[in-house]
Amino acid sequence: MSQGKQKRAPTGSGRDNPGMPNAIELRGLRRDFGHRPALRGVDLTVPAGASLAVLGPNGSGKTTLLRILATLLRPSSGEATVLGAPLPAGSWRLRGRVGYLGHEPLLYRDLTGRENLRFHAELHGIPAPEERIQEALEAVGMEARAESRAGELSAGMRQRLAICRCVLHRPDLLLLDEPDSHLDSEGRELASRVIGPDEGRTRVVVTHDPERVLPACDLVLVLGPDGAPASAEVAGDLASDEARRAAAGVVA
Amino acid sequence: MNGAARAATPWRTAFGAILTKDLRMELRTLRSLPAMALFAVTTYVIFRYALDRTTLSGSLAAGVLWATLLFAAVLGINRLFVAERDEGGFDAIRLAPIDRTVLLAAKAAALIAYLLILELVAVPIFALFFLEDAAGLAPLVPVLLLADLGLAVTGALISSMAVNSRARDLLVPLLLLPLVVPLMIAATAASEPLLEAGGPAYDRFGLWLGVLGLYDLVFLLVGYAVFDFLLED
């Protein structure tokens, strides 16, 4: 972040290995919608395998940032390199390597859960996907409702299916926009196993629940209101009071 | 982590996945086909009583046939990308390692399937209402197939452009109809001698089939060239 400050070097989980390449590098990233800036001058480096929490009030550009990283939006200016691919020119190199869980579950309401997952598996060229689909359904506790149409499921069940869709192709980078939305406590617990920190997998998690998400993250990016430059960056022990205060000051 | 891009999904696999998904959803919900067929049949009934004629031939028969099929097709074209917009299909496809023109090809193929089913219902009813004999229907098949291809490619292209607009229902006919004027001229000109009262004739039939084929080729190339850009934000 252009006006942020590095509190501490990243620690733990082997994620501070200097030989490890960076999964995400942003320099002066900006995105405007017409004359309204959504992101202004975000500088950020996320090492491969690290988890980044993104905090900020409504309208601070969290979802915009995630969609840029997913190649679903083009940056207006600045530099962005994701998994070694410069954006937007190299966005085709990221296809199939990113698992994106947005506000919309990206599921067709008139297809069953299993049909939706099979469709995504085919798009990603997963050979003989049935076993992997079954594993994913069981991991989020949805095997019993796999034959129900997505439109007939509750919002929480659709979110569980969306989590399956997001990890089905075993992405290198997970982009999660409020992944706990609509989930009950059991769903949150199951989801944390599927999309939680994992060796070699980089995660960016947008959240309004820092108490829950920060302990599982290595870095935090706090975005200010109205597309203002990010106001703080904390690395290291995110369960610390300092990190919580930094986050709470913006989120509250 | 920063390894090479993943291998692209084979074109045929992605095409099959999208087409199968579309046909399955249409069979399950029947959102487009019944409306298209009902529109066509109702329009033929209206023509029959409005023209106060029990038989039509030549250019009038060809005009009634194609005008009705075209406007019935617009109903399906309007809805072609609605699920992709409303349910996130565009994002899912943009995230997958596929050639994006697969989406255009699969949507055009789905529309061809809808048009063929529409014609299986509407053309026999047209013949029943307006033709003295059905001898012209068999040679009409290549005309229908070539016109369906052109209409499907152009329709899929226009539908993908209009789907994000709130004025989608207005935009599709406004953009589509001028573009398909050459297609309709060629289709009616090729159909006209086939629907003459004395039985089918083949005056310049090959020439008009060639024009239909050329139209199809041009819009296939245009679609291939521009569709990737239409999917950008």
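We did not get these values from a lab; they are worked out from the coordinates using the rules stated. Since the structure is predicted, the reported quantities are computational estimates derived from the model, not experimental observations. Using ideal geometry, Cβ is built from the backbone for each residue, glycine included, and neighbour counts are taken over all protein chains shown.
Which percent, to the nearest 5, of DSSP beta bridges fully inside the protein assembly as shown are antiparallel?
Here the share of antiparallel DSSP bridges comes out near 55 percent.
Does segment B:123-233 come out rounded, prolate or oblate, given a ≥ b ≥ c as the square roots of the eigenvalues of its C-alpha gyration tensor, rounded meaning a/c under 1.5 and, failing that, prolate meaning a/b above b/c?
Note, shape of segment B:123-233 comes out prolate.
So for the protein assembly as shown, taking the charge dipole from beta-carbon charges (+1 Lys/Arg, -1 Asp/Glu), which of A:I163, A:T207, A:H120 sits furthest toward the positive end?
Selected residue: A:T207.
Given points 7 Å out from each Cα along the Cα-Cβ axis, report the B:S59 to A:H35 separation in nanometres with one decimal.
In this crude spin-label approximation the distance works out to 5.5 nm.
Full-extension gain between B:D203 and B:Y224, please, as 0.36 nm times their residue separation minus the C-alpha to C-alpha distance.
4.2 nm
What is the Cα convex hull volume of segment A:32-128 when expressed per residue in Å³?
Working: hull volume 14.4 nm³, N = 97.
Dividing the Cα hull volume of segment A:32-128 by its residues yields 148 Å³.
Which of rounded, prolate, oblate describes chain B, given a ≥ b ≥ c as roots of the alpha-carbon gyration tensor eigenvalues and a/c under 1.5 marking rounded, otherwise prolate only if a/b is larger than b/c?
Since a/c reaches 1.5 and a/b is larger than b/c, the shape of chain B is classed as prolate.
Past the 39 angstrom mark, what percentage of all C-alpha to C-alpha distances in the protein assembly as shown do you count?
35 percent
Per DSSP helix of 4 or more residues, -39500 (n - 2.57); summed, then divided by the residues of the protein assembly as shown. What does that give at 222 nm, rounded to the nearest 500?
Theoretical 222 nm ellipticity from helices: -16500 deg cm²/dmol.
Taking the 0 to 90 degree range and rounding to the nearest ten, how far is the long axis of helix B:101-130 tilted relative to the main principal axis of chain B, both from C-alpha atoms?
Here the helix axis deviates by roughly 20 degrees.
Between B:V45 and B:D169, what is the spin-label point distance in nm, taking each point 7 Å from the Cα along the Cα→C-beta axis?
For B:V45 paired with B:D169, the spin-label model returns 2.1 nm.
Cut-off 10 angstrom, C-alpha nodes, Gaussian network model of chain B. Which of B:A106, B:A162, B:A134 fluctuates the most?
Maximum among the listed residues: B:A134.
Going by amide H atoms built from the backbone, whose H comes under 5 Å of the H on A:V222, apart from near neighbours?
Correct list: A:L55, A:S231, A:A232.
Over all pairs of distinct alpha carbons, what does the Kirkwood formula give as the hydrodynamic radius of segment B:47-145, in Å?
15.9 Å
Note the angle between two axes, namely the Cα long axis of helix B:11-29 and the longest principal axis of the Cα atoms of chain B, as a number of degrees from 0 to 90, rounded to the nearest 10.
60 degrees
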